[in-house]
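What follows is a single structure, written as structure tokens, with notes after it.
The values are calculated or read from the model by the stated rules, or taken from the named source; none is laboratory data. In this text, all values refer to a predicted model and were calculated from it rather than measured experimentally. Every residue, glycine as well, gets a Cβ built from its backbone with ideal geometry; the counts of neighbours run over all protein chains shown.
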Amino acid sequence: MIYKFLKRIFDIILSITALFFLFPFFLIVIIILSITGEGEVFYLQERLGHLNKKFKIIKFATMVKNSPQIGTGSLTLRNDSRVLPFGKFLRKSKINELPQIFNVIIGNMSIVGPRPQMQTDFNKFPPNSRNDIYKSKPGITGIGSIFFRDEENWISNFEGDKHLFYKDKIAPYKVELELWYLRNSSLYVDILLIIITAWVIIFPKSNIVSKVFKNLPKKPIHLV
């Protein structure tokens, strides 16, 4: 209970501080998005949140309108044709995720936590885990987000049914990682995950997360 209270205070302080410093940068991105692509700035999408309650996640728009109903649906591939030119930069740099700061301030997300999933992808998780993953608020970053930062490449490189690959190979390990976070969550772990997130954005090939957390679930051979 004390951890949840301190985590909420930590979230509010960090998100408001980040918003203060990022505001000028946000304006630049908003202007560029307004005059490029389809003129969309923010993208609101329904996701699963705390205790499996649905909420609208806020991101910078990076893809064409109605992209979940086009092509591979909820799965995004490397060089996906639905991603707009400026959107490629936003996605690669993870800048598109920054508006989720507003979700944190509102209270339906945390800075660190399990990645909020679309219902269609959540349904691919093992049934016996679906009531446990979101006992913690979903986060902008987290152990799953860090490890699966290359998810688009893994899915793109698989030559068979990509949705089946996600369900049978990616989803089970995502669940293991998120449940690991629930068992080990603390402000100390959260701070480490924030630092590691910044590190892997700068050094994307780094395997620092496995070096810092040596008790992570064993990585499946198909994801090595």
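Within the stretch 89-97, is even one residue charged (D, E, K, R), crowded, with 20+ Cβ neighbours inside 10 Å, over 17 Å from Asp11 (Cα atoms) and modelled with pLDDT of 90 or more?
No: zero hits.
Would you say Ile106 is at pLDDT 85 or above, surrounded by 18 or more Cβ atoms within 10 Å (Cβ to Cβ) and among the aliphatic types (A, V, I, L, M)?
Spelling it out, it is not the case that Ile106 is at pLDDT 85 or above, surrounded by 18 or more Cβ atoms within 10 Å (Cβ to Cβ) and among the aliphatic types (A, V, I, L, M).
In the stretch 31-51, which residue that is in contact (Cβ under 8 Å) with a residue 24 or more places away in the chain and in a helix (DSSP H, G or I) is nearest to Leu84 (Cα to Cα)?
Among them, the one singled out is Leu33.
Gln100 is checked against (1) over 11 Å from the mean Cα position of the chain (by Cα); (2) surrounded by 18 or more Cβ atoms within 10 Å (Cβ to Cβ) and fails just one. What number does that condition carry?
(1)
I need the full set of residues from the stretch 109-134 which are surrounded by fewer than 18 Cβ atoms within 10 Å (Cβ to Cβ) and of a type in the set (Ser, Thr, Tyr), in order please.
Thr120, Ser129
Listed here are the residues, each with its yes/no results for (1) on the phi > 0 side of the Ramachandran plot; (2) surrounded by fewer than 18 Cβ atoms within 10 Å (Cβ to Cβ); (3) touching a strand residue (DSSP E or B) at 6+ places or on another chain (Cβ under 7 Å).
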| site | (1), (2), (3) |
| --- | --- |
| Ser136 | no, no, no |
| Arg149 | no, yes, no |
| Glu159 | no, yes, no |
| His163 | no, yes, no |
| Trp180 | no, yes, no |
| Asn184 | no, yes, no |
| Tyr188 | no, yes, no |
| Thr197 | no, no, yes |
| Phe203 | no, yes, no |
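Does Tyr173 count as under 23 Å from Ile221 (Cα atoms), touching a strand residue (DSSP E or B) at 6+ places or on another chain (Cβ under 9 Å) and modelled with pLDDT of 90 or more?
Judged against the criteria, Tyr173 is not a match.
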